[in-house]
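Asks: Below is one structure. I have some questions about it.
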Amino acid sequence: RRKPSELCGSRSGTLYRQHPSIVQITHPPRPDKARQSGYRPSSCYIVYGKPTNQFVTQLELQRSKRAVAEECAGRKLGVLTDSTYKYYEAILVDAAHNPRISWICNPVHKHRELRGLTSAGKKCRGLNVKGHLHHKARPSRRANWKNNTGSLPRYR
């Protein structure tokens, strides 16, 4: 016999699966976690739910599923789990309504999620740790590899 809490979880999971891949919701399911991410209940914040698995099997991505979900939500529109999919909340900002967050409209901050500048992007790039054990991650793995690879002319 399944417990009532398990039934509620499976019921919400099937409801999520019946929606399209990116869904606007009225309020975040976990308000405390959303407030840590910068969410405030005003008209300029929109919360979307996005399933992270991209329907590609047998491939292990280097980036985290959360970073991929942020990227897909960012492409489409400018944390919940069930047995099949994972769902994350992405907070998208309409900065025209709030001057305190209008810094995100600057050209420097365009598509931060595509360049790995969000928290999830930095984490999968290995930039959330510092020290002598992680010196090969900065400024990026590729740039560090190029700096350490010597190129000499053929005739010298």
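What follows is calculated from the coordinates using simple rules that are stated; it is not laboratory data. Everything quoted here is computed from the prediction, not taken from an experiment. Cβ placement follows ideal geometry from the backbone for every residue including glycine, while neighbour counts extend to all protein chains displayed.
Asks: Under 10 °C and 1.306 mPa s, how fast does the range 88-150 diffuse according to Stokes-Einstein, given a Kirkwood radius computed over C-alpha pairs? Answer in µm²/s, whole number.
Replies: So the translational diffusion coefficient is about 113 µm²/s.
Asks: Continuing with the same structure: Assuming R0 = 30 Å, can you tell me the calculated FRET efficiency for the pair ARG30 and ARG141, based on Cβ-Cβ distance, to the nearest 0.05? Each step should come with its number before you reach the end.
Replies: Details: r = 33 Å, r/R0 = 1.09.
Result of the calculation: an efficiency of 0.35.
Asks: Could you sort out which of LYS76/LYS122; LYS65/LYS122; LYS33/LYS65; LYS65/LYS123; LYS65/LYS146 sit more than 23 Å apart by Cα distance in this structure?
Replies: On the way: LYS76/LYS122 21 Å; LYS65/LYS122 13 Å; LYS33/LYS65 18 Å; LYS65/LYS123 12 Å; LYS65/LYS146 28 Å.
Result: LYS65/LYS146 exceed 23 Å.
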